[in-house]
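I have placed the structure first, in the form of structure tokens, so that the comments after it can refer back to it.
The values are calculated or read from the model by the stated rules, or taken from the named source; none is laboratory data. Just so you know, these numbers come straight off a predicted model, no measurement behind them. Reconstructed Cβ throughout: ideal geometry from the backbone, glycine too, with neighbour counts over all protein chains shown. For the accessible areas, the whole protein counts, side chains as well, though only heavy atoms, and no ligand, DNA or RNA atoms are used. Shrake-Rupley method; radii C 1.70, N 1.55, O 1.52, S 1.80 Å.
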Amino acid sequence: MASNRPTISGTRHVIAAGHYLATHAGFQVLEAGGNAVDAGVCAGICIGVLQGEKVSFAGVAPTIIFRAEDRKLVSIDGLGVWPRAITPDYFQNNHGGKIPPGVLRSVVPAAPDSWLTALEHYGTMTFGEVAAAAIRFARDGFPMYPLMSEFIAEEIESYRRWPSSAAVFLPNGKPPVIGELFVQSDLARTLQYMVDEEKANARKGRSAGIQAARDAFYKGEIARKIVQFHEETGGLLRRDDLADFRVRFEPTVSASFHGIEVHACGAWCQGPTLPIALNLLKGYDLKALGHNSPDYVHVVTEALKLAFADRHNYIGDPRFVSVPIDGLLSDAYADERRSQIRMDRACPQMPSAGEPPGSQGLPRAKVPMPQADDVRPGDTSYLCVIDRHGNAFSCTPSDGSNHTPIIPGLGVIASGRGTQSWADPTHPCSVAPGKRPRLTPNPALALKNGRALMPFGTPGGDVQIQSMIQVFLNVHVFGMDVQSAIEAPRFASYSFPSSFEPHPYFPGLLMMEGRIEAATGEALKVRGHRVDWWDDWTWLAGAPCAIVADQERGILHGGADPRRPAYVLGW
């Protein structure tokens with residue numbers, strides 16, 4: 001298919017990110033000699049400024065890094081934990097089984113430590129060098145763009161709930177208009193304070209400087225203001241929660257698909273859903289079904305329903321729940337689950353939980369009542385880099401600003417990712433002190449011949465896995481160039497409980513972009529899908545970025561989704 005933008009190709013380095021200015025900032029780092037991690041951290045911090053309505057510097061930043069030198073793949077969870085003061089029955093006893101908007105959704109901010117940890121272990125530059133562009137965007141402002149302006153206008157009442165949030169996102173008491181300069185002075189001062197602390201300790205070496213920047217956030221004035229605000233407003237974060245926190249290096253999970261190793265983040269997030277679904281789909285001749293044909297859309301949707309059923313019932317922080325991950329990822333289990341897919345009939349709701357090896361005796365999660373309300377997706381951003389050495393960086397920074405208040409004087413929220421936990425103590429994603437919510441952001445990185453082949457990811461909450469799989473299949477099954485693969489019309493199922501409080505559930509609902517043929521929708525309705533239509537192009541279908549390495553020719557090809565202000569640069 002023809003694309004609206006060209007695929008951007010380069011022989012040295014390529015970067016793609018959810019906002020064009022973040023892409024440019026990261027590209028400048030690459031041009032200055034930085035590696036993929038330096039550029040990725042730079043772009044990621046910029047995203048927390050440029051897409052501040054959907055991403056916070058003090059949010060989450062799950063990351064997968066491939067180091068070409070030793071062909072090592074590492075994952076940094078970039079995800080905070082519930083405060084020590086929480087109890088498993090806290091929300092049942094105090095809030096009727098709901099996790100209310102506000103400070104009570106806050107877990108420990110993890111993104112700052114994620115950026116600093118990646119930089120310290122795998123980068124070459126200082127925090128000051130990679131944060132310089134973000135500080136400028138926050139201090140001097142950037143031109144407001146349509147998607148951000150529209151989102152703030154739609155969520156105006158959410159921002160008005162908290163004076164500190166209204167002060168940032170409703171300058172002069174109203175949403176910023178397109179083309180207006182959007183300034184975040186407090187955020188600029190927060191970042192500059194960390195840089196100043198790094199500089200004050202620079203004589204002790206690069207690592208000591210990065211540690212000083214980390215201490216500035218988790219033990220210094222930033223931590224003091226976060227804790228003070230929580231103490232004054234009924235929040236639960238305290239100094240020890242921040243001071244003792246460190247992100248974790250975690251193993252990836254993977255599936256082999258036609259000779260490609262597709263790696264995702266572990267069961268502390270929804271990452272395993274990706275390889276679970278790919279294991280189901282590799283049993284079909286997808287190309288013979290035809291791209292976006294009724295058979296193809298049906299098979300992919302039904303496989304995703306099975307994968308999301310396993311997510312709902314089994315996936316949670318492995319430090320707190322027993323996750324039968326080996327069984328879930330086994331080919332034998334995929335064969336068993338695949339046999340449940342009928343070509344003539346859609347499952348009208350989320351399927352029952354499977355019984356993978358290792359699941360015997362484990363409880364099954366309750367399913368919420370179906371909802372009649374409109375789908376209200378959560379959201380985030382994404383970025384990826386491959387550098388001249390063959391290093392790769394894949395990251396999905398997140399944490400929206402409309403359900404958790406800005407900390408006065410800091411310009412950041414304290415990660416509101418608690419919205420992805422469940423108040424039910426029997427659920428694998430239940431609340432508990434020190435436990436991680438089950439994160440939707442889940443970067444992926446595919447390898448072939450022991451080298452980076454394709455970092456890819458997207459915003460979109462529960463649509464992320466679905467959008468990522470379709471782009472991956474567009475490239476590696478249907479042979480599309482990466483930009484065309486990203487622009488191709490997409491579809492998404494909502495036939496499972498949402499990851500976001502209050503976890504709405506829409507049995508059988510299948511949304512499709514209007515560019516998919518109407519006859520396909522009618523054929524799917526006959527099979528029992530509850531089909532509804534998006535516009536021809538919608539940001540609700542995600543906004544993937546990806547880079548595909550032509551390993552034979554030594555050329556990198558990058559793509560970014562025009563559904564949002566994502567862009568790619570290469571050289």
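Below is a table of values for the structure above.
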| read-out | value |
| --- | --- |
| Of residues in the stretch 527-549 being within 21 Å of the chain's Cα centre (by Cα) and of a type in the set (Phe, Trp, Tyr), the one nearest to GLN371 (Cα to Cα) | TRP539 |
| Selected residue (criterion: most open to solvent (accessible area, probe 1.4 Å)) from residues of the stretch 283-311 that are in contact with a Phe, Trp or Tyr (Cβ under 6 Å, 6 or more places away or on another chain) and in a helix (DSSP H, G or I) | LEU289 |
| Number of positions in the stretch 450-472 that are in a helix (DSSP H, G or I) and among the aliphatic types (A, V, I, L, M) | 5 |
| Residue that is nearest to the chain's Cα centre (by Cα), among those in the stretch 200-231 that are over 17 Å from ASP186 (Cβ atoms) and of a type in the set (D, E, K, R) | ARG214 |
| Subset of the stretch 148-172 that is surrounded by fewer than 15 Cβ atoms within 10 Å (Cβ to Cβ) and acidic (Asp, Glu) - its residue that is farthest from VAL49 (Cα to Cα) | GLU157 |
| Boolean, PRO502 is modelled with pLDDT under 95 and surrounded by fewer than 24 Cβ atoms within 10 Å (Cβ to Cβ) | yes |
| Cβ pairs under 6 Å, 6+ apart, first in the stretch 9-24 and under 14 Å from CYS545 (Cβ atoms) and of a type in the set (S, T, N, Q), second open to solvent by 10 Å² or more (accessible area, probe 1.4 Å) and outside any loop (DSSP other than H, G, I, E, B) | THR23/TYR567; THR23/LEU569 |
| The stretch 57-84 - residue that is open to solvent by less than 10 Å² (accessible area, probe 1.4 Å) and of a type in the set (Gly, Ala, Ser) and, of those, farthest from PRO441 (Cα to Cα) | ALA58 |
| Condition met for PRO428 (open to solvent by 10 Å² or more (accessible area, probe 1.4 Å), part of a loop (DSSP other than H, G, I, E, B), within 25 Å of ASP89 (Cα to Cα) and in contact with a helix residue (DSSP H, G or I) (Cβ under 9 Å, 6 or more places away or on another chain)) | yes |
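Residue-by-condition table, conditions (1) among the hydroxyl-bearing types (Ser, Thr, Tyr); (2) modelled with pLDDT of 95 or more; (3) open to solvent by less than 80 Å² (accessible area, probe 1.4 Å):
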| residue | (1), (2), (3) |
| --- | --- |
| ARG337 | no, yes, yes |
| ILE341 | no, yes, yes |
| PRO351 | no, yes, yes |
| GLU355 | no, yes, no |
| MET369 | no, no, no |
| ASP373 | no, no, no |
| ARG376 | no, no, no |
